[in-house]
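In what follows, a structure is listed as C-alpha cells, so that the remarks can point back to it.
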Amino acid sequence: MLSFLGRRVLFTIPVVLIASFVLFIFVRATFDPTAQLRSSHADSASVAREKERLGLDRPVVVQYGDWLGKFVHGDWGQSERTREPVFGMIRRALWYTVQLIFWGILLSATVSIFVGVYSAVKQYSPLDYTFTGLAFVGLALPPFWFGLIAIEFLAVQPVNWFHLQEPIFSFVGLHSGDSTGFNLDYVRHLALPVLTLTVQIIASWSRFQRAAMLDVLQSDYIRTARAKGVPRRQVIVKHGLRNALIPLVTVMALDIGALFGGLIITETIFSIPGMGRLFYESLLAGDATVLVAWTVVTALFIVAFNLLADVLYGVLDPRVRMA
Amino acid sequence: MIPEEEIRRTDPDLSRRMDTGGIIGTGLGAQAGVELGLEPGGGSGGGSGTGPVARSQWQLFRRRFLRHRMALISLVVLALLIVGCFGATFFAPYSKNGQDLLLGPVSPNGTHWFGTDELGRDQLSRLLYAGQLSIEIGITVALLSTILGTAMGAIAGYFGRTTDQALMRFTDLFLIVPDIAILALALAYFGQANITIILVLAGIFWMGIARVMRGQVLSLKEKEFVEAARAAGASPLRIITRHILPNTIGTIMVDATLAVAAAIITESTLSFLGFGVQPPNTSWGKMLSDAEGYVGTSKAYLLYFPGFAILLTVLAVNFVGDGLRDAFDPQSGRG
C-alpha cells in the first residue's frame with residue numbers, strides 16, 4: 001500500500017510542476033503586474049524600476065524558478081489589489097472553502113449512495129422513477145440559477161408567505177455577527193450554499209451509484225450469497241454496496257475539479273470569502289500574483305483529493321494494492 | 001440464452017418492449033426478436049460486441065430511438081426552441097432592443113408575457129434573441145470539439161506510444177485545474193468576442209471526447225476486422241476512417257449531444273460571472289447576470305424565464321442523448 005501510494009505521489013509531482021509552469025506563463029502573459037502603475041501615468045523610468053524590483057525584466061524561466069523557490073518557502077508575494085501578503089489571503093480563504101467542500105462531499109456522498117442503492121434495489125418502483133426524473137432535472141439545472149432561485153423561494157419569499165421575523169436560511173456568509181463554531185446559525189447559513197454547490201453532483205453521483213449497484217447486483221457472487229441464505233440486508237450492503245462503491249470513488253475523484261469550479265459560483269452568489277470568491281475578485285482586478293498562487297494551490301488540492309481517492313480505492317479493493 | 005421468463009421477470013421495461021416490438025408482433029415471440037437483434041441482451045453471446053447483427057443497422061436504430069418517448073418529445077421541444085429563437089424576427093412580439101422607458105419594468109401580463117425590464121424591453125423577445133447565441137454557442141462548440149476530440153483520440157489510440165502519452169499527459173494537466181477557472185482566465189487573455197468564446201470552450205471540451213475516443217480505439221484496433229484490413233494493405237488513414245470510426249459512431253453522437261448541453265451550461269455560467277458574452281450581445285446566461293440583483297425584489301420575475309429556458313434546452317438535449325445511447329447500445333441504456 002505504501003509503495004503504491006509512494007509511486008502515485010512521485011507520479012503527480014512532475015504533473016503539478018509542469019502545470020504550475022504553464023499557468024505561471026499564462027497568467028503572467030495575461031495580466032501585467034505593473035498595469036496599475038502604468039494607468040496612473042507614471043513615467044517610464046519608474047515603471048522600469050518597478051519591473052526590475054519585481055524581476056519582470058528577466059527571462060520567464062528564471063522568473064518561474066525564482067517564484068517557485070519563494071513559493072515553497074511560503075513567500076507568495078503581495079497582492080496587487082489589496083497590498084496584502086498572498087499567503088495569508090489564501091490561508092484565510094481556504095478555511096471557508098474547506099468547510100464548504102467538506103460538507104458538500106459529505107452531503108453528496110450520503111445522499112447519492114442512499115438514492116443510488118434504493119433505486120437499484122427497487123428498480124422501476126415509483127420512487128426510483130421520481131429519483132430518475134429529479135436527477136435529469138438536477139443535471140440540467142445551471143447551478144448559479146439554482147442558487148438564485150433557492151434564495152428567492154427558500155429564503156426571501158417564505159418570509160412574506162408565513163410572516164416570519166427573518167428568513168429561515170441565510171444567504172450571506174457562513175455566520176451572522178459574532179457567532180462562531182458549529183451551531184444552528186452555522187447550519188442556517190450553510191444550507192443554501194452547500195445545496196447550490198452539490199445539486200448537479202448529487203444528481204450525477206446518484207445516477208452513477210444506481211448503475212454501479214445494478215451492475216453488481218446482477219453478478220454471480222450476489223446470486224451465490226443469496227442462495228447461501230445470507231440475509232438480504234447483508235447481501236445488499238456487504239456484498240453489493242462495497243463493490244459498487246469502487247466505481248463511485250473514481251467518479252468522485254474526477255469530479256473534485258468541478259466542485260472547486262462550482263465554488264467560484266457558489267461563493268460569489270452567497271458572499272462567502274473563500275477561494276472561489278478570491279478567484280473571482282482577483283480575476284476582475286487582474287491580480288496576477290494571487291491568480292498564480294490560487295491556481296497552483298487549487299491544483300495541489302485536487303491532486304491531494306485524487307491521492308485520497310487512490311487510498312480509498314486500495315481500502316475498498318485489495319487487488320489494487322497488489323498491482 | 002436467457003429464457004424469456006427470466007428477461008420478463010428481471011426487466012419489465014424490456015418485457016414491455018418485447019410485447020410492443022413491431023418485428024415480433026407476428027407471434028413469433030421474443031425468441032425471434034432477440035435473433036433479429038432487437039435486444040442483444042441474451043442473443044449476441046458470441047457476437048462481435050459491436051451491436052446487433054441486423055439486416056439494417058439504421059432501421060433498428062431508428063426503431064429503438066422512436067420508442068424512447070422522452071427523446072421524441074425532447075426532439076419536438078428542441079425543434080420548437082430552435083425555430084422560435086432563430087425565427088425571432090417573425091415570432092418575437094417586440095424588437096430585440098426596443099425600449100419603452102415610460103413603461104419601465106412590469107410583471108408578466110397579457111401584452112408582455114414574460115414582463116419587461118427596467119428599460120421597458122420585452123423579455124419574451126429578448127429571450128428568443130438571446131437564445132440564438134446560447135444555442136449557437138452550444139452547437140458550434142459541440143461540433144468543433146467533437147471533430148477535434150475524435151481526430152485526436154483516434155490518432156492517439158491508433159498509433160499509441162509517444163502520441164498517446166503526449167495526449168494523455170497534456171489532458172492530465174487540465175484535469176487538475178477547474179474548467180471554469182481555466183476558461184475565465186483564457187477569456188481574459190483572448191477577449192470575449194462570440195467567436196473567441198466558442199473557440200476557447202471547444203479548446204477545453206475536446207479533451208474529454210478525445211479521452212473517450214482513445215479508449216474505444218484502443219480496444220477496436222485489436223479486433224480481427226482491423227487486422228484483416230491491415231493484412232489487406234489498408235493505410236492507417238483508411239483503417240481509422242473506414243473501419244474504426246464507423247464502429248464508434250454511437251459514442252461520438254452521444255458525446256456530441258451531451259457536449260451541446262455542457263457547452264450551453266458552461267457559457268451561461270461564464271456569462272453570469274461576467275467573463276463570457278459581452279453587451280450588446282446577449283445570451284440566457286447574460287440575461288441572468290443582468291437580473292442577478294433583483295433576487296428578492298418585485299422584479300424577481302426577470303430571473304425566472306432565462307433560467308427556465310436553459311433548463312428546458314439542456315433537459316431536452318440530455319434526453320435526446322439518452323435516446324441515442326439507448327438506440328445505439330440497448331445494453332447500456334437501462335442505467
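The values are calculated or read from the model by the stated rules, or taken from the named source; none is laboratory data. This structure is a prediction, so every number in the text was calculated from the model and none was measured. Heads up, the Cβs are rebuilt from the backbone with ideal geometry, glycines too, and the neighbour counts pull from every protein chain shown.
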(request) Would you mind telling me which numbered condition in (1) surrounded by 19 or more Cβ atoms within 10 Å (Cβ to Cβ); (2) touching a residue at least 24 places away in the same chain (Cβ under 8 Å) A:VAL172 fails? (result) (1)
(request) Quick one: A:VAL296 ticks every box in (1) surrounded by 22 or more Cβ atoms within 10 Å (Cβ to Cβ); (2) within 11 Å of chain B (Cβ to nearest Cβ); (3) over 15 Å from the mean Cα position of the chain (by Cα); (4) aliphatic (A, V, I, L, M) except a single one, so which number is it? (result) (3)
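Go over the candidates A:PHE136, A:PHE169 one by one and state the one that is within 11 Å of chain B (Cβ to nearest Cβ) and not acidic (Asp, Glu).
Values: A:PHE169 fails: within 11 Å of chain B (Cβ to nearest Cβ).
Of the residues listed, the single one that is within 11 Å of chain B (Cβ to nearest Cβ) and not acidic (Asp, Glu) is A:PHE136.
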(request) Would you mind finding the one in A:SER79, A:SER112, A:SER108, A:SER46 that is over 23 Å from the mean Cα position of the chain (by Cα) and over 14 Å from A:VAL292 (Cα atoms)? (result) A:SER46
(message) Just to check your reading of the model, which residue among A:GLY262, A:GLY240, A:GLY276 is modelled with pLDDT under 90 and either part of a helix (DSSP H, G or I) or away from every other protein chain (no Cβ under 11 Å) (or both)?
(response) A:GLY240
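Is it fair to say B:TYR294 is at negative phi, within 14 Å of chain A (Cβ to nearest Cβ) and free of Cβ contacts under 8 Å to residues at least 12 places away in the same chain?
Numbers: at negative phi: yes; within 14 Å of chain A (Cβ to nearest Cβ): yes; free of Cβ contacts under 8 Å to residues at least 12 places away in the same chain: yes.
It is true that B:TYR294 is at negative phi, within 14 Å of chain A (Cβ to nearest Cβ) and free of Cβ contacts under 8 Å to residues at least 12 places away in the same chain.
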(request) Of the numbered conditions (1) of a type in the set (Phe, Trp, Tyr); (2) at pLDDT below 85; (3) under 30 Å from B:LEU237 (Cβ atoms), B:PHE65 fails exactly one; give the number of that condition. (result) (3)
(message) Being more than 9 Å from chain B (Cβ to nearest Cβ) and in contact (Cβ under 8 Å) with a residue 24 or more places away in the chain narrows it down to one residue among A:LEU141, A:LEU148, A:LEU154, A:LEU164; which is it?
(response) A:LEU154
(request) Identify all residues within the stretch B:157-192 that are away from chain A (no Cβ under 14 Å) and in contact (Cβ under 8 Å) with a residue 60 or more places away in the chain; write none if there are none. (result) B:GLY157, B:TYR158, B:PHE159
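For B:PHE205, state whether it is in the same structural domain as B:THR140 (by TED's automatic domain parsing) and buried (at least 18 other Cβ atoms within 10 Å of the Cβ). It would help to see each step written out before you state the result.
Details: in the same structural domain as B:THR140 (by TED's automatic domain parsing): yes; buried (at least 18 other Cβ atoms within 10 Å of the Cβ): yes.
Yes, satisfied.
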(request) Might you let me know whether the stretch A:151-168 holds any residue that is modelled with pLDDT under 90, buried (at least 17 other Cβ atoms within 10 Å of the Cβ), of a type outside the set (S, T, N, Q) and more than 24 Å from B:PRO306 (Cβ to Cβ)? (result) yes
(message) Of the conditions (1) assigned to a helix (DSSP H, G or I); (2) exposed (fewer than 12 other Cβ atoms within 10 Å of the Cβ); (3) at pLDDT below 80, B:PHE90 satisfies every one except a single condition; which number is it?
(response) (3)
(message) For the structure I just gave you, tell me whether B:ASP326 is more than 10 Å from chain A (Cβ to nearest Cβ) and either over 20 Å from B:ILE137 (Cβ atoms) or surrounded by 24 or more Cβ atoms within 10 Å (Cβ to Cβ) (or both).
(response) yes
